[in-house]
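J.: Below is the structure I would like to discuss, written out as structure tokens.
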Amino acid sequence: TLRSYGQALSLYIGFLETEKGIEPSDLCAECFCYNYLEEWLLWLIKKRSSSPETCNSRLAAIRAFLKYLASREISLLYLVQDASQIRRRKTFRKKINGMSKRAMQALLSAPDISTSTGRRDLVLLITMYNTAARIDEILSMRIEDLRLEAERPHITIVGKGRKIRTLYLLPKTVAHLRKYLLSFHKEKPDPGSYVFYSRNTGTLGKMSQMG
């Protein structure tokens, strides 16, 4: 997200410099007016062949930047209001082709369950497959977020925008998680421990996505 925001700001500053003759050192509030932002979006489409999805992403980054400025200087609030009036480019929802059952079986058979790492990876993949949660959402999950003994077993995760979601678990997933917890967290795990933790820092250390 940070990289995307940085790219959007760089593109906008480049647009102002090449198309409007405004040097970076001369930036001012008027540089983020409604008309300039609209021209910039057209420039992205015509000069850089950007897709509507990309234009909307770039616009969202500029809006976030302007909101930040307004939070530091209330007199710039009008820039946020102007930017909010710019319509998002029309997009078409693309068809998502999911993995076949055969492909999923191949993926789940990849971990070497004769090793502790392989057994952990298998449970991680099964949990992701069952919940369709993002990888960071699963890695951020703690013992206290598991409700395996509930009438309808589920997990609670905090997603993008700090939104809390309840995701229900299939019986096979619950069985795998119980076996995993007994092996990796013993009988009385710390509620604050990460379910999938870093081997270097222990149960209170979050496992990295690269890991």
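Every number here is computed from the coordinates shown, using simple stated rules; none is lab data. Keep in mind that this is a model prediction, so the values were computed, not measured. With ideal geometry, Cβ positions are generated from the backbone for all residues, glycine too; neighbour counts draw on all protein chains shown.
J.: Output the 0 to 90 degree angle, nearest 10, between the alpha-carbon long axis of helix 2-19 and the longest principal axis computed from the alpha carbons of the chain.
T.: Approximately 10 degrees, to the nearest 10.
J.: Under the rule of at least 5 residues apart or a separate chain, name every residue whose amide H is placed under 5 Å from the amide H of GLY205.
T.: Here TYR194, SER198 satisfy the definition.
J.: Among SER84, SER140, SER109, determine the one that fluctuates most according to a GNM of the chain built with springs between C-alpha atoms less than 10 Å apart.
T.: Largest GNM mean-square fluctuation: SER84.
J.: Per DSSP H run of at least 4 residues, take -39500 (n - 2.57); add these up for the chain, divide by its residues and hand me the 222 nm value, nearest 500 deg cm²/dmol.
T.: Helices in the chain give a 222 nm mean residue ellipticity of -16000 deg cm²/dmol.
J.: Let me ask something else. Going by how many other Cβ atoms sit within 10 Å of their own, how do ILE74, ILE138, ILE96 line up, fewest first?
T.: Values: ILE74 8, ILE138 19, ILE96 5.
Result, fewest neighbours first: ILE96, ILE74, ILE138.
J.: Could you order the peptides 114-120, 63-69 from most to least packed, using the average number of other C-beta atoms within 10 Å per residue?
T.: On the way: 114-120: 13.1, 63-69: 16.4.
By packing density, highest mean first, the sequence is 63-69, 114-120.
J.: Neighbouring Cβ atoms within 10 Å as the yardstick, rank SER75, SER51 fewest first. Display every interim value, and only then the final one.
T.: Values: SER75 9, SER51 12.
With the sparsest Cβ surroundings first, the list reads SER75, SER51.
J.: Angle between the Cα long axis of helix 116-131 and the longest principal axis of the chain, 0 to 90 degrees, nearest 10?
T.: It is inclined by approximately 60 degrees.
J.: Roughly how tilted is helix 171-184, in degrees to the nearest 10 and between 0 and 90, from the longest Cα axis of the chain?
T.: Once rounded, one gets 80 degrees.
J.: A further question on this structure: If neighbour count is taken as other Cβ atoms inside 10 Å, put VAL123, VAL174 in order from fewest to most. Please list the in-between numbers first.
T.: Numbers: VAL123 23, VAL174 19.
Arranged by neighbour count, lowest to highest, VAL123, VAL174 become VAL174, VAL123.
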